[in-house]
1. Could you grab the pairs with beta carbons closer than 9 Å, sequence gap of 6+ or different chains, first residue in the range 96-117 and touching a residue at least 60 places away in the same chain (Cβ under 8 Å), second one assigned to a loop (DSSP other than H, G, I, E, B) and surrounded by fewer than 16 Cβ atoms within 10 Å (Cβ to Cβ)?
2. Search the range 94-145 for residues being open to solvent by 50 Å² or more (accessible area, probe 1.4 Å) and basic (Lys, Arg), and hand back the single one that is nearest to residue 165 (Cα to Cα).
3. Can you pull out every residue in the range 165-180 that is of a type outside the set (Lys, Arg) and either over 20 Å from residue 68 (Cα atoms) or in a loop (DSSP other than H, G, I, E, B) (or both)?
4. Within the range 147-161, work out how many residues are part of a strand (DSSP E or B), in contact with a Lys or Arg (Cβ under 8 Å, 6 or more places away or on another chain) and under 13 Å from residue 103 (Cβ atoms).
5. Among (1) under 17 Å from the mean Cα position of the chain (by Cα); (2) open to solvent by less than 40 Å² (accessible area, probe 1.4 Å), which single condition is residue 73 missing?
6. Kindly establish whether residue 85 is open to solvent by 20 Å² or more (accessible area, probe 1.4 Å) and under 12 Å from the mean Cα position of the chain (by Cα).
Amino acid sequence: MKQRVYDRFAAAFSVVLLAVLAGATYYLAEFGDQSGEETGARPLRHEPDYFVEHFALTRLSPTGAPMYRMSGEQLQHYPDDDSSEFSKPLLVSLDPAKPLMTLRADRGRSTAAGEQTQLHDNVLLTRAAEGTTPALRIETDYVLLLSAEDVAKTDRPVRITYGTSSLTGVGMEFDNSSRVLNVLSNVRGVWTPPPDR
C-alpha cells in the first residue's frame, strides 16, 4: 500500500513540475516577444553609430571617374536619417577638364548618399586661375552644395575676389559646370578691368 501511495505522489509531483515548467516557458516566450516588439517599434535616436578620424572619401561619377575628394578631421554617421557630420571638411575637385576648386569650412553635414552637403563657419571656396581667367575666392559663413548639379549656393553675406576685383553681397549661386556666378542682393564692388594685351 505504501508503494502505491508513493507512486501516486511521484506521478502527481511530475505532472505539477511539468505544468510549472510549461507555464514558465510560455511566460518567458511571451515576455521575449513583447520586449522584441518594443525595441523594434522604438524609433532610432539621433546618435552616431560610428565615427572616423582623419578621413578621406572620393566620390566617383557614374562612369567611375573621380569627381571630388572630401577629407577632414572627423566624420560621424547617424543611422536614423543616414546623415554624416564632419569637422574641418576640405573638398577638392578632381575633374582634370576644370580648374582646381577647393572648398573648406569648420564643420559640415551631408544627407544620405551625399546629394546635399551643408558647410558652416569660415567657408572658403577657391578656384584656381586658368589661362586668362583669374583665380576666384568666395568667403561666407554657410554654403549648400548640390553635388548632382555641381552648384554651391548661400543666402548669407558673401565676399568675392576675382583677380584684382572684389565684390560683396547677400546671397549667391555658383554653377561650377557653366562657371556662372550670381550674387542676389546688396551688391557692391570694385571692378578692375583686365590689362590690355
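1. The qualifying pairs are 98/177; 98/179; 101/128.
2. Going through the qualifying residues, I end up with 137.
3. 165, 166, 167, 168, 169, 170, 171, 172, 176, 177, 178
4. Matching residues across the range 147-161 total 0.
5. Evaluating residue 73 over (1) under 17 Å from the mean Cα position of the chain (by Cα); (2) open to solvent by less than 40 Å² (accessible area, probe 1.4 Å) leaves (2) as the failure.
6. Details: open to solvent by 20 Å² or more (accessible area, probe 1.4 Å): yes; under 12 Å from the mean Cα position of the chain (by Cα): yes.
It is true that residue 85 is open to solvent by 20 Å² or more (accessible area, probe 1.4 Å) and under 12 Å from the mean Cα position of the chain (by Cα).
Let's see how each residue does on (1) of a type outside the set (Gly, Ala, Ser); (2) under 23 Å from the mean Cα position of the chain (by Cα):
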position	(1), (2)
122	yes, yes
136	yes, no
145	yes, yes
155	yes, yes
163	no, no
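The values are calculated or read from the model by the stated rules, or taken from the named source; none is laboratory data. Quantities reported herein were computed from a predicted structural model and do not represent experimental measurements. Because the Cβ atoms are built from the backbone with ideal geometry, glycine has one as well, and the counts that use them run over all protein chains shown. Note: accessible area is taken over every heavy atom of the protein model, side chains too, but ligands, DNA and RNA are not part of it. Shrake-Rupley method; radii C 1.70, N 1.55, O 1.52, S 1.80 Å.
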